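First comes the structure, then the notes that go with it.
The values are calculated or read from the model by the stated rules, or taken from the named source; none is laboratory data. Remember, predicted model here, so these are calculated numbers, not experimental data. For neighbour counting, all protein chains shown are included, and Cβ atoms are generated from backbone atoms with ideal geometry for every residue, glycine included.
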Amino acid sequence: MRIKDLFKKQYKDIDVIKRSTLIVESDSPLTDGAFTKEYLGLAIYDGSLAPLIERGSRVPVEKSYVFSTWEDGQDQMILKLYRSIELEVEYSFSLGQFQIIGIPNMPAKEPQIQVTFCVDDKNIYMYAKDLIHGNYMEVIKIFQN
């Protein structure tokens, strides 16, 4: 089953489908048939990879995480995504940097931005939602490496 088909069944709000950002298209090296063969993760400050989708997850898989801001009035955030067999950025392949824009003007650590990552046998998608106001946010691929 394709992720877009799951979206249509799971979400009545068509805005989720329109706001989803395609990260990797067709024959994604992250999947191997019915399971993920690598981690999908975020780079963190110490050079390690924080796994978002675990290696060996059955596809299609969807995982959501809630992020917040570090500064007062921060209106965007950047996520550096990688795929890897190891949990170290040094040995990982960059899927790019993704900018989430439109974070509401609030004090640091108050915004609640839910970012959802979806993997099927061919594609990887992500979308972001402001949990406080219920709005879907724009996710833009800003850098490949």
Taking the range 43-62 and the residues there that are under 15 Å from the mean Cα position of the chain (by Cα) and among the β-branched types (Val, Ile, Thr), the one that is modelled with the lowest pLDDT would be 44
Only one of (1) out of contact with any Phe, Trp or Tyr (no Cβ under 8 Å at 6 or more places or on another chain); (2) within 16 Å of residue 21 (Cβ to Cβ); (3) polar (S, T, N, Q) does not apply to residue 64, and that is (1)
Given the conditions (1) crowded, with 18+ Cβ neighbours inside 10 Å; (2) of a type outside the set (Phe, Trp, Tyr); (3) under 27 Å from residue 35 (Cα atoms), every one holds for residue 113 apart from (3)
Checked the range 122-145 for anything part of a loop (DSSP other than H, G, I, E, B), surrounded by fewer than 18 Cβ atoms within 10 Å (Cβ to Cβ), in contact with a Ser or Thr (Cβ under 9 Å, 6 or more places away or on another chain) and not basic (Lys, Arg); matches are 144, 145
Self-check item: residue 36 vs. criteria at pLDDT below 90 and not charged (D, E, K, R)
Solution: yes
Looking across the range 46-68 at residues that are acidic (Asp, Glu) and not in a strand (DSSP E or B), the single one that is surrounded by the fewest Cβ atoms within 10 Å (Cβ to Cβ) is 46
Next on the checklist: Looking at the structure I just gave you, is residue 97 free of Cβ contacts under 8 Å to residues at least 40 places away in the same chain, polar (S, T, N, Q) and either surrounded by 15 or more Cβ atoms within 10 Å (Cβ to Cβ) or in contact with a strand residue (DSSP E or B) (Cβ under 7 Å, 6 or more places away or on another chain) (or both)?
Outcome noted: no
